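Each reported figure results from applying straightforward, stated rules to the coordinates on display, with no laboratory input. Treat the numbers as computed from the prediction; the structure is a model and nothing was measured. With ideal geometry, Cβ positions are generated from the backbone for all residues, glycine too; neighbour counts draw on all protein chains shown.
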Amino acid sequence: MQEITELVALSDGKPMTSSRKMAKRFNKRHANVLRLFQTRIQGRHSPEFIELNFELVDYIDAKGEARQEILMTKNGFIAMATKLSGAEEWQERFIAAFDRLSEQLERMAFTLWNRRLALETRDATSLAKASIGSHLMLDRKKELPAIKAERDFLAAEMQPSLPLH
């Protein structure tokens, strides 16, 4: 997991990496990675591809000065990495990290949705029983707080919150 977050992290719920991470791992100067984006990506890819896969953001460097970096999706990363020479080992590791993080998000969502479905089924069954008679209505009143608490818990858990770098 440590290597995943060193290479790829969530940004607005999507697995992303940055031009600084790419520069560090590919042993390149960050300025050169930014220049590569400007000269070999922006001019050769459609505006739609650029908009979907790259985001120019600011960060504060070690001197406290604002600098720019590029956040990129897996497809954006692949477009950039194929333009860098001597980066084959790290290309594979970045792509694997994107895939692992995506798989983790899918597994988490699948498990939580199954639990949520079971909860909603239990709630509907309880409600149906309660409509039959007053004795069952009392059972419903007893079950309802636990159902509501579990629904709130699952709703909170279904929101990804992996560490950002």
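For volume of the Cα convex hull per residue in Å³, the listed values are [x] 144; [y] 96; [z] 124; which was obtained by calculation from the structure presented?
[x]
So for the stretch 104-157, taking the charge dipole from beta-carbon charges (+1 Lys/Arg, -1 Asp/Glu), which of 137, 124, 105 sits furthest toward the positive end?
Going by the charge dipole, the pick is 137.
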